[in-house]
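Just below is one structure, and these are the notes that go with it.
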Amino acid sequence: MKGRSFLSTANLSSTELGELLSLAQDYCGINNNHKLLPLDLLRGKMIAPLFFEASTRTKVSFERAARNLGAELIDLQIGASSLIKGESVLETAKTLQAMAIDALVVRHASSGLPLFLAENLHIPVINAGDGWHEHPTQALLDLLTIFQEFGSFAGLNVLFMGDIRHSRVARSNLFAMQTMGISVRMAGPPTLVPPEMKALGAEIVADIDQAVAAADVVYLLRIQWERQQSGFVSSLSEYSQLYGMGEERLALMKDHAILLHPGPANVGVELSAAAYAWPRSRIEVQVNNGVAARMAVLHRLLAED
Ligand code: CP
């Protein structure tokens, strides 16, 4: 993977995913032991995060991952850059490349923008979330969380619930999970579960309670208000009752099943406070694993042999 961009999970083989997960698992312990940090694996490398959309987890964890590996960060403030004077995103990226930046980490509302940059630059571009399209490092940290819980992927059944239509998390996970032998189901309001998901390999389910009871992992998704006009959901309380995870639905879950959410969560909408704090919720584990997963990606793309 050295020198390549990291744009999607759709083109990653099970071997590549397995190697990334194995490396990420090694980095989990190191990330949580500050005495071992920073490593000098990426000493001398410079990484520029370009976040055109809001982020807490992805931005901070990439920064943490880069620092953990000894890299330096060039934090371009989008609002104070020449972008506001009309310079294009591509010219901005080329300007950073001309200053010998080693990699860009890009989040943008436009699906396909990281790919466009990767096609026009010679440095690696890492997709940190593009529009409704993909969020590949989120899928990696989710797989890591699932592997830590179950020790393997084969035969697992994951149910995604909520706003599938606008979810880059659901798409990246669907590709990666199928590659690793996981069965993926999806449920939510018909307006927010596009039938195309079936063509991509997901089973769309109508009986949510039955699907929750059969799942090893229930993965809740936030309604992406920032990516939609009104009309997809009639009312929040109805949405929460029909498609959310409250205590009654939580009681249907198998004893060994876990609850995931990529964050940020709208507590009281897609899940109750009790569900968030449920002992088998792994939401905070996901956040912690985000640093290790991103260390693995930076390592594979940027470390010298
Ligand atoms: N999961 C995720 O992408 O969170 P942020 O928007 O906080 O980065």
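Structure notes:
- 9, 92, 56, 191 arranged by Cβ crowding within 10 Å, fewest neighbours leading: 56, 191, 92, 9
- Tensor-based shape of the range 61-137 (alpha-carbon gyration tensor, a/c under 1.5 rounded, otherwise prolate or oblate): rounded
- Overall Cα dimensions of the chain, principal axis frame, Å, largest first: 55, 43, 34
- The listed peptides 179-185, 85-91, ordered by packing as a protection proxy, come out as 179-185, 85-91 (highest mean of other Cβ atoms within 10 Å first).
- Within the range 217-305, the GluC sites (Glu not before Pro) that combine a DSSP coil assignment with at most 12 other C-beta atoms in a 10 angstrom radius are 304.
- The relative contact order of the range 136-286 comes to 25 percent, based on Cα pairs under 8 Å that sit 6 or more residues apart.
- Average Cα contact separation per residue, the chain, under 8 Å, 6 or more apart, as relative contact order %: 23 percent
Values in this text are rule-based calculations from the coordinates and carry no lab data. As the structure is a prediction and not an experimental result, all values here were calculated from the model. Methodologically, a virtual Cβ is constructed for each residue, glycine included, from the backbone with ideal geometry; neighbour enumeration extends over all protein chains shown.
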